[in-house]
1. What residue, of 270, 292, is surrounded by 20 or more Cβ atoms within 10 Å (Cβ to Cβ), over 26 Å from residue 388 (Cα atoms) and in contact (Cβ under 8 Å) with a residue 40 or more places away in the chain?
2. For the range 182-230, what are the residues that are touching a Phe, Trp or Tyr at 6+ places or on another chain (Cβ under 8 Å), among the charged types (D, E, K, R) and closer than 21 Å to residue 148 by Cα?
3. Among the residues that make up the range 332-351, is at least one of them modelled with pLDDT under 85, among the acidic types (Asp, Glu) and closer than 20 Å to residue 302 by Cβ?
4. Across the range 302-318, what is the total count of residues that are farther than 22 Å from residue 328 by Cβ and either hydrophobic (A, V, I, L, M, F, W, C) or surrounded by 21 or more Cβ atoms within 10 Å (Cβ to Cβ) (or both)?
5. Only one of these conditions is not met by residue 395: (1) surrounded by 16 or more Cβ atoms within 10 Å (Cβ to Cβ); (2) modelled with pLDDT of 80 or more; (3) in contact with a Ser or Thr (Cβ under 9 Å, 6 or more places away or on another chain); (4) within 28 Å of residue 317 (Cβ to Cβ). Which number is it?
6. Only residues that are in a loop (DSSP other than H, G, I, E, B), in contact with a Gly (Cβ under 6 Å, 6 or more places away or on another chain) and under 14 Å from residue 106 (Cα atoms): list them for the range 118-172, please.
7. Can you pull out the residues in the range 274-285 that are in a loop (DSSP other than H, G, I, E, B) and surrounded by 20 or more Cβ atoms within 10 Å (Cβ to Cβ)?
8. Might you check whether a residue that is in contact with a Pro (Cβ under 9 Å, 6 or more places away or on another chain), touching a residue at least 40 places away in the same chain (Cβ under 8 Å) and farther than 25 Å from residue 140 by Cβ occurs anywhere in the range 276-288?
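The values are calculated or read from the model by the stated rules, or taken from the named source; none is laboratory data. None of the values given here were measured: they were computed from a predicted structure. For neighbour counting, all protein chains shown are included, and Cβ atoms are generated from backbone atoms with ideal geometry for every residue, glycine included.
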Amino acid sequence: MAQAEIRQTVPVASETAGRVAIAADAAHPKRLVISGWGADHCGGVGAGVHLSEDGGATWRTGCTLPGNADDERPLETPAVAFDNEGTLVVAQPFYWDADGGSLVVGRSHDGGQTWGDWHKVTRSHFERGTLSNATLAIDTSPTSRYPGRLYASYTDNSRKRVVIRVGWSDDGGRQWTVENASPVASGKELLDMSHLATGRDGSVYLSYLSCIGVMGTDCHGRPAELRVIRSANGGKSWSAPVVLAQTRLPPDRGNWQHPNYGGLPGTGTALSFSPVIAVDNSGGPHQNRLYAVMTTYAHQRLQVLLAASDDQGATWSAPQPVAAGPKLADQFMPWVSVNAEGLVAVTWLDQRAQPLEAGYQPMVAYSADGGASFSKPKALQKQISQPGALSTLSGVASHTWAGDRLKTGFIGTDEAGVTILQLSTSKP
C-alpha cells in the first residue's frame, strides 16, 4: 500500500510532555483536537486542548478547562471525542483536597475555545479515593439502539479496593448513570488502563488490565491478564470478564517513575499497557469483528500483538505480532482502529532504527484482510526521538481517522532535539 506522509507539529515544552488524546470531527474531517497534559501546561492548570481547522497545518490552544482553584487539580490528560453534530466532548478526572477524586465532563461548540457548563459524572465511591485513566466513547452509529449516548470509563482506586466504572448519558453529559463494569478487586490485584469501543448495534465493549502485585502493588515483571467485558443494554449491566490474552509486564530496571507497571526497558520512562480495542462497523466482509492490540515483554523486549474476536468478545484468537523487528528493539504504545471501508490500522512506537540507544519512531501498518496479514510497517517520522528527557510516554501514539487519512498524535523530538507534541498525517 503506497503511503503519502505529511507531518505537522504542535510545540509543547519538554517538561510538559505526557499523555495525548486525539479526535477528529466526522462532519468536518479537517477539524482536529489533540489534548495535552503537563505541570506547566496552560499556565499551570495542567490540561488543555489544541484545535486545528485545517487538518493540522495551524493550531490554536484552548486552556479553559476547570481546575484553577487552589484545592482542585486535574490529574491527567482529558479524554476527547466529537459527537455527530460536531460538538467536542471532554472528560477530565480531578482531585479536590476536600472531596477526593471526581470526573467532570464539558462540551464545546467551537473545538475547545469556549465551554458551556461543566457537569460532574461522579466522585470516587471510596473514601479519599482517586479517579484516573478516563476514556470517552460516543455512540455515533445510525443503526444503534442508543444513538448519541455518551460513555465514560475510569479507574476508581483506594488503598484497599479498585474497580473500573462506566457512566452513560443521553443528554449530552448533563446527567449521568454510573455502574460498576468490572468486579471490585482488593488486596494485591490491580485493575487499570481501560478502553471503550462501541458497535453498530449499540453494544459497548470495555477492555482493561489486571495483575497481581508483589511487595504491595508492584507488578513489574509480573504476568498480566487483559480482559474484555460487554454491555448489550447501553451500559446498564456488564458481562462477566473474558480473558482476551495473557501478557507479561517489563521488569523494574530502575523504572521508578511508574512503580506499578514498569516502563520502557533501560530508561526511567513510564508507558501505558492498555489493551486498546476497536470494532469493525464498516458493514464489509469482517463487519462486527473486534480487534485488540497489546504489549507484552518477551525475549528481553516489548512486542506489539493483535488478537481478534468474531463472537462479540466471547472468544479471541491467539495474539500474533503485528510486525517483526530486530532483537532488543522494543515496540510499545500500540493503537488500533478500523475505517469506514474495513481497513485496519495499527500504530505504535518502535526502536528498530536505533535499538541500543532506545531511540524510537512512530510506525503504522495496515490490514485489508481482517488482521490476517499486515503491510510492511512504515515510519511516520524520519527523526529519531529520544525518551530520556521524558518521565512518561503514556498514551502518546493514539490515532484517529479523518476522512481517508490517518492522524497520529505522539510525543517526539524535532531536529534540534526539542521535545514537542507532533501530528503525523498518512494516507494508506
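1. Values: 270 fails: over 26 Å from residue 388 (Cα atoms).
Step by step, each of 270, 292 is checked, and only 292 is surrounded by 20 or more Cβ atoms within 10 Å (Cβ to Cβ), over 26 Å from residue 388 (Cα atoms) and in contact (Cβ under 8 Å) with a residue 40 or more places away in the chain.
2. Passing the criteria: only 230.
3. Kept after step one, since they are modelled with pLDDT under 85, are these residues of the range 332-351: none.
Checked against the condition, which is being modelled with pLDDT under 85, among the acidic types (Asp, Glu) and closer than 20 Å to residue 302 by Cβ, the range 332-351 yields no hits at all.
4. Taking the range 302-318 and keeping what is farther than 22 Å from residue 328 by Cβ, we get 307-318.
Then keep just the ones that are either hydrophobic (A, V, I, L, M, F, W, C) or surrounded by 21 or more Cβ atoms within 10 Å (Cβ to Cβ) (or both); that gives 307-309, 313-314, 316, 318.
The total comes to 7.
5. Of (1) surrounded by 16 or more Cβ atoms within 10 Å (Cβ to Cβ); (2) modelled with pLDDT of 80 or more; (3) in contact with a Ser or Thr (Cβ under 9 Å, 6 or more places away or on another chain); (4) within 28 Å of residue 317 (Cβ to Cβ), only one is false for residue 395: (2).
6. Across the range 118-172, the qualifying residue is only 118.
7. Filtering the range 274-285 for residues in a loop (DSSP other than H, G, I, E, B) gives 274-275, 280-285.
Across the range 274-285, the qualifying residues are 274, 275, 280, 281.
8. Within the range 276-288, the first condition is being in contact with a Pro (Cβ under 9 Å, 6 or more places away or on another chain), and the residues that meet it are 276.
Next, only the ones that are touching a residue at least 40 places away in the same chain (Cβ under 8 Å) stay: 276.
Adding the requirement that they be farther than 25 Å from residue 140 by Cβ leaves none.
There is no residue in the range 276-288 that is in contact with a Pro (Cβ under 9 Å, 6 or more places away or on another chain), touching a residue at least 40 places away in the same chain (Cβ under 8 Å) and farther than 25 Å from residue 140 by Cβ.
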